[in-house]
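First comes the structure, then the notes that go with it.
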Amino acid sequence: MSRRLRVILVALLLVIPVVLGGCWSRREIERLAFVQAVAVDKAVEPNKIQLTVELARPSALAATSQGGGSLERAVWQVSATGYNVFDALRNFASQSSRQLFWAHNRLLVFGEDIAREGVEDVLDAFFRDPEMRGSTKVAVCKGDTGANFLQAEVPLERVPSQGVVGIVLNGVEKLSTVVDVDVALFGRALAAEGLEPIAIRAEIIDLVSEDESRGSLERGTISKAPRITGAAVFRGTKLVGWLNKAETRGFNWIKGNTQSSVIVVEKPNERDKFLSVELVRANSKLRTEVVDGKPRVIIQIEAMGNFADRENIFVNPEGIAPSVLSIERQMATVIKNEVEAVIKRAKEFGSDIFGFGEAFHRFHPKAWKQFKEDWNDKGFQELEVKVEVKTMLRRSGLIEL
Amino acid sequence: MAVLEGGKISGKQFVALTVLTRILAALIEAPTISGTDAGHDVWIAVLISTILVLPWALILVHLAKMFPGKTIIEYSQDILGPWLGRLVGLVLIVYFIQQSAHAARVAADAYVTTIMPETPLIVFIATLTALSANCARCGLEVLARAADIVFPIVIFLLVLILVLPFNIVDFFNLLPIAAYGWGSIVEATFSSFAIFGELLVMTMLFPYLDEKKDTGRLAVTTVLVSGFLFTWLSIMIALVFGPVMESLILPAFSLSRAIELAFVVERVEVIPLVAWTLGAGVKQTVFLWAAMLAIAQLFNLSEMKSLAYPVGALVAAFGVWLFSTVFDALQFFTATEFGPLGILVCYAIPVVLYIGALIRQAVRPSRREEGQM
């Protein structure tokens, strides 16, 4: 018995320290504030940055889960400034009663001002700190500060950043006119040769909502809501411009990122009448060539769609086969135009967001050494791009074309 | 002379022990070969060093066959004579203690970097060392059985982090081959080769194998299995991280963090943590045991059990003292730091011993014939 006791004691002695090791780094959940989103802006003081975090308020969130429709805001927004991110982060300690916990951060928004000046001083902390996640989305707020963007809410969601991330995912799945960029992808583009980063383009729009007190004479209140369309183009760490919807879809065609989308084309033989095709599948192939020391890119895009809707139901004077052919041709034209538009735009910005340079680096490493130095200003500008589009109309739902 | 280590291990256990010994490096420093800048070409370096290591492993096997039942500590005295041989033994003891301490230290550093930044390093080192000293005290058989249990778990976890990121791989990340020039690949090969040297511990294990005739096959299996896992890990990290790969300090950990499957399988970074805890435990214990055995053999001690705690204490202290910062740890095996020394100890010593043994063998038989007549 005493021997067994001794064995148990020794075993405990060996096991306990293993668990004790964590005690220095323990964190009680009631001492933590969960960061849902962070905005980075220029501070009023020179050379400083302002960080604004959106913190989840557990009490307010708990109220809804129990069914009681709490009207409290589910998040608390607070700002701190510092010379760099880490400095500012620590300064939150003078305002927040709880430690900031970053592992659930979903969104990083830059204000347009700081993005134009460059975000190189800002990004480091988001890669170095093990608490930060690479899956945090990166956005730039067009024409406003990131802090203001965090104020914009989707009425469907309790937590604003959840609304924004939801819109991004929706946009990617249904429209393909937005880009889905997270910290890991952004950093990868910065580290790579011949590839410039791109970010989500975020905007604040006015939203008229019904007033909450019924019977009141007021018609409604205006609140702010987020909108996600297009993309923000960087060159290095500096924001250089924006892509609109069509250009962003052009970008997604090239990268093979299009999931589903709507392609609106003019009706065969009828002006100003439109029909739409639902994109089902698309993929792209990129081929690089060096001809006489000049870079050339051939992009082959294949898109497959279903006929979605049109005006003049049940009336189709042309017959099926010619209509299909003509619609397919128009689809190809739309895609080609979008692709060419975005390439033209990127050339204007002097930023190879497509990674054509990286492709040359991979497949023509020798030639790349000559282009490398001034790729964005010279090689990319002179780059000849050939776009080949193949389209196919597959189905037409429950009724004929 | 008393039997210092009465244990016997099976071939399977031998492979488990030696591969696990190598896996710690795979999980912590090797896939990017920290300190060199081969970037995504590291896998080439790992592959080349695996092939280069094979003949060396066969030399170790052949030495073991020439001196059956003897460890490198014993036959180095047979080959080089008592004084030079003992010097070699001393060097090896220091190397074994260093490796044991290194295992504890890198694992402890990894905990502090990733999940428990406030915890003092010594807590992890002391805890790990207490466990492995206890295990080493129980002898080789206990250690081998522990390795037997741990091995499938670690391999499973490793394969998990190698397979799960399949949805974010980009095969073109491997192009162009030799993006940073062959010079950097040679440099990385050198470091990888130096890290591979830890398989020198096989020379302490060979005498305790129960099936002596399989020795060569087992050594080759170990080299190939660990080389294969390393290469796979390096390739996978390149496929996922591409140009970012170079700046990662804990590539396997970052790889597991990148895993994100359908919003369900994510935040699985505990996987490499578990794996490197187990790997570190086995590696530290193997080298601690080897150091104990080496000391007992070198100084003709009658038993080695009582060495466990003193040598363990030495290992813990060495572990704390080994590096002052993580940057030292990262560059430990590079050509400008301890890489050359590691190669000298792990490769030059066995090769010199082998040449010596061959010369002796060439001279000896004639003498023996004379004696018989």
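Test of understanding: in a Gaussian network model of chain B with alpha carbons linked when under 10 Å, which of B:88, B:352, B:264 would top the mean-square fluctuation ranking? Among B:88, B:352, B:264, the largest GNM mean-square fluctuation belongs to B:264.
Estimated from helical segments only, the mean residue ellipticity of chain B at 222 nm is -23000 deg cm²/dmol, where each DSSP H run of four or more residues counts as -39500 (n - 2.57). Expressed in Å, the radius of gyration and Dmax of the Cα atoms of the range B:87-245 are 18.8, 53. Relative to the longest principal axis of the Cα atoms of chain A, helix A:160-170 runs at roughly 30 degrees. Computed across the range A:28-243, the Kirkwood hydrodynamic radius from all distinct Cα-Cα pairs reaches 17.9 Å.
In plain terms, the bigger the Kirkwood radius, the slower the diffusion; for the protein assembly as shown, with that radius from Cα pairs, at 20 °C and 1.002 mPa s, Stokes-Einstein puts D at 71 µm²/s. Spatial offset of the range A:376-401 relative to the range A:168-205 amounts to 20 Å, using the alpha carbon center of each. Of the trypsin sites (Lys or Arg not before Pro) found in the range A:225-303, the ones in coil according to DSSP and having at most 16 other Cβ atoms within 10 Å of their Cβ are A:271, A:273. Give me log10 I(q)/I(0) at q = 0.10, 0.11, 0.15 Å⁻¹ for the range B:11-361, Debye formula, one equal scatterer per alpha-carbon, no solvent. Each listed q maps to, in turn, -0.57, -0.69, -1.29. Each Cα pair under 8 Å and six or more residues apart adds its sequence gap; the mean of these over the residue count of the range A:245-401 is a relative contact order of 31 percent. Legend: Rg and Dmax of the range A:245-401, from Cα coordinates, 18.4, 60 Å. Normalised by the number of residues in chain A, the average gap of Cα pairs under 8 Å and 6 or more apart makes the relative contact order 12 percent.
GNM, chain A, Cα, under 10 Å: largest mean-square fluctuation among A:385, A:178, A:35? Of the options given, A:385 has the highest mean-square fluctuation.
Computed over chain A with a Gaussian network model linking Cα atoms closer than 10 Å, the most mobile of A:111, A:230, A:82 is A:82.
State the extension gain, in nm to one decimal, for the chain segment bounded by residue A:9 and residue A:329, taking 0.36 nm per residue of separation less the distance between their alpha-carbons.
Values: separation 320, 0.36 × 320 = 115.20 nm, distance 8.08 nm.
The span from residue A:9 to residue A:329 would gain 107.1 nm if fully extended.
Summary of the geometry: the range B:99-136 and the range A:84-101, compared by the centres of their Cα atoms, lie 30 Å apart.
Every Cα-Cα pair of chain A was included, and the share exceeding 41 Å stands at 31 percent. Positive-end ranking of B:318, B:79, A:225 along the dipole of the protein assembly as shown, with charges on Cβ about the Cα centre, is headed by B:79.
Where does helix A:320-349 land angle-wise versus the long Cα axis of chain A, in degrees 0 to 90, nearest 10? Taking Cα atoms only, the helix is inclined about 60 degrees.
Each Cα pair under 8 Å and six or more residues apart adds its separation to the average, and for chain B the resulting relative contact order is 40 percent. Cβ crowding within 10 Å ranks B:56, A:368, B:289, A:76 as A:76, B:56, A:368, B:289, fewest other Cβ atoms first.
Ignoring lysines fewer than eight residues from residue B:212 along the same chain, the ones with Cα atoms less than 21 angstrom from its Cα are B:8, B:12, B:65, B:70.
By the combined test of axial Cα extent (at least 18 Å) and Kyte-Doolittle hydropathy (mean at least 0.5), the qualifying DSSP H helices of chain B come to B:11-28, B:42-66, B:82-114, B:121-137, B:140-163, B:182-196, B:215-241, B:270-298, B:308-322. Taking 0.36 nm per residue of sequence separation and removing the Cα-Cα distance, the residue A:94/residue A:129 pair yields an extension gain of 10.5 nm. For the range B:245-373, the alpha carbon positions stretch 81, 35, 31 Å along the principal axes, listed from largest to smallest. With a Cα-only, solvent-free Debye model of the range B:92-150, what are the log10 I(q)/I(0) values at q = 0.26, 0.28 Å⁻¹? The computed values of log10 I(q)/I(0) come out as -1.07, -1.10. Close amide H contacts of residue A:261 (hydrogens built in the peptide plane, cut-off under 5 Å, sequence separation of 5 or more or a different chain): A:279. For the pair the range A:329-358 and the range B:301-365, the centres of their Cα atoms are 59 angstrom apart. With the helix formula -39500 (n - 2.57) applied to DSSP H stretches of n ≥ 4, chain A reaches a computed 222 nm mean residue ellipticity of -10000 deg cm²/dmol.
What's the extension gain from residue A:394 to residue A:308 if we count 0.36 nm per residue and subtract their Cα-Cα distance? Mind showing how you got there, number by number?
Working: separation 86, 0.36 × 86 = 30.96 nm, distance 1.08 nm.
Between residue A:394 and residue A:308, full extension yields 29.9 nm more.
Each value in this text was obtained by applying a stated rule to the coordinates, not by laboratory testing. Since this is a predicted model, take the numbers as computed values, not measurements. All Cβ positions, glycine included, derive from the backbone under ideal geometry; neighbour counts span all protein chains shown.
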